[in-house]
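Worksheet: the structure to be examined is printed underneath.
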Amino acid sequence: MSWQSKHIWIELIGGSRKISNFCWAFILFLGSLGFVLVGTSSYLGKNLISLVASQEIHFFPQGIVMSFYGIAGLFISSYLWCTISWNVGSGYDRFDKKEGIGCIFRWGFPGKNRRIFLRFRMKDIQSIRIEEVKGRISDRRILYMEIKGRGDIPLTRSDENLTRREIEEKAAELAYFLRVPIEVFSN
């Protein structure tokens, strides 16, 4: 989502709070919980889950392996839930022609560098670059901004599946607003 006037461009960037992340975290949590319950029921010799007869599963080695996979899955699920709750990757891009200042802000993981904030002069922006990364299944396109002295800064997420036309339109609008050239690279 973006907002634009004659002198200001603001684009809001979505983070980890996506429906797919919620679905994966929920499915992973339920599956992992099932593995832990089956491993525990094989250890206790009681049916904690009515779908699986614990007498058929021996604790050594099947119950231990299922418990291990369940605990590992619960750790991965908790990681996903944390990234969703912290909304990692969200933020905004702001360009102000009147002040001649550009700002890029993103939320990261908690800690010393939780807030990622880059502030630069707009006259230091050299170009907008589209990089096409060829994959085995599909190609990805990432939009970068080249800033003098700071290198290339990604403006889109690498998992954002924009079509060639969408990324070109986005790059053209931003390049026109900033009055910089567009470069296209493919790997």
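The values are calculated or read from the model by the stated rules, or taken from the named source; none is laboratory data. What you see is a predicted model, and the numbers here were worked out from it, not measured in a lab. Using ideal geometry, Cβ is built from the backbone for each residue, glycine included, and neighbour counts are taken over all protein chains shown.
Do the conditions hold for SER41, that is, is it at pLDDT 95 or above, of a type in the set (Ser, Thr, Tyr), outside any loop (DSSP other than H, G, I, E, B) and outside the structural domain of ALA175 (by TED's automatic domain parsing)? No.
Condition check for ALA72 on (1) among the aliphatic types (A, V, I, L, M); (2) in contact with a Leu (Cβ under 6 Å, 6 or more places away or on another chain); (3) farther than 19 Å from THR156 by Cα: one failure, at (2). Scanning segment 65-89 for residues that are in contact with a helix residue (DSSP H, G or I) (Cβ under 7 Å, 6 or more places away or on another chain), of a type in the set (A, V, I, L, M, F, W, C) and within 15 Å of PHE35 (Cα to Cα) returns MET66, ILE71, LEU74, ILE76. For segment 9-38, a residue qualifies if it is touching a strand residue (DSSP E or B) at 6+ places or on another chain (Cβ under 6 Å) and either assigned to a loop (DSSP other than H, G, I, E, B) or loosely packed, with under 15 Cβ neighbours inside 10 Å (or both), and exactly one does: LEU12. Filtering segment 56-63 for residues that are surrounded by fewer than 17 Cβ atoms within 10 Å (Cβ to Cβ) and charged (D, E, K, R) leaves a non-empty set. Among the residues of segment 159-173, those identified as closer than 24 Å to LEU118 by Cα, buried (at least 16 other Cβ atoms within 10 Å of the Cβ) and touching a Ser or Thr at 6+ places or on another chain (Cβ under 9 Å) are ILE167, LYS170. Scanning segment 117-142 for residues that are without any contact (Cβ under 8 Å) to a residue 40 or more places away in the chain and among the acidic types (Asp, Glu) yields ASP124, ASP139. Scanning segment 124-141 for residues that are acidic (Asp, Glu), surrounded by fewer than 17 Cβ atoms within 10 Å (Cβ to Cβ) and more than 19 Å from PHE105 (Cβ to Cβ) turns up GLU132, ASP139. Exactly one residue out of ARG165, ARG119, ARG136, ARG157 is touching a strand residue (DSSP E or B) at 6+ places or on another chain (Cβ under 7 Å) and among the charged types (D, E, K, R), and it is ARG119.
Residues in segment 142-158: is at least one of a type in the set (Ser, Thr, Tyr), surrounded by 15 or more Cβ atoms within 10 Å (Cβ to Cβ) and more than 22 Å from the chain's Cα centre (by Cα)? No, that holds for no residue.
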